[in-house]
């Protein structure tokens with residue numbers, strides 16, 4: 001089993017304080033790649049360029065990155081209550097799961113007790129740093145992107161009313177996955 005920066009057993013706050021946002025983004029990228037590679041090690045494929053073209057590998061990589069982003073947000077802002085991953089292109093009527101191409105965008109719903117300029121600035125900085133680090137991967141999809149994070153902040157009031165993106169929290173057909 002590969003030990004990563006985002007193992008649940010580790011306390012990361014002191015280490016994160018010493019990292020620049022660029023170093024943090026690089027570590028998140030490398031840990032997410034290691035987690036995704038571990039899941040696909042049975043295939044024996046080592047070429048990252050080939051792996052990044054496989055939708056299942058890309059989804060595992062995106063999930064690991066999303067978990068890393070969720071952890072960073074939660075550790076740096078006490079207003080963060082829950083984080084969910086979702087896929088806006090999910091079609092519950094498709095049985096094969098391959099109706100639409102996989103996007104590299106990481107879609108998250110972040111439930112917060114209150115929004116703040118500091119949280120929005122952290123999200124923007126993290127997105128910029130991740131975009132720069134992901135552009136270094138051997139993939140045209142990653143090299144051409146200007147952003148990767150699509151994060152929607154949800155207040156408690158939004159969640160109670162179930163309006164806008166908060167409606168996804170109670171979706172029967174394509175519910176989001178709680179990752180933090």
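Rule-based calculations on the coordinates, nothing more; no lab input. Bear in mind the structure is a predicted one, so any value in this text is a computation, not a measurement. Positions of Cβ are generated from backbone atoms using ideal geometry, with glycine treated the same way; all protein chains shown enter the neighbour counts.
Cβ crowding within 10 Å ranks 65, 24 as 24, 65, fewest other Cβ atoms first. The residues 112, 69, when put in order of fewest to most other Cβ atoms within 10 Å, stand as 112, 69.
Counting neighbouring Cβ atoms within 10 Å and putting the fewest first, the residues 173, 40 line up as 173, 40.
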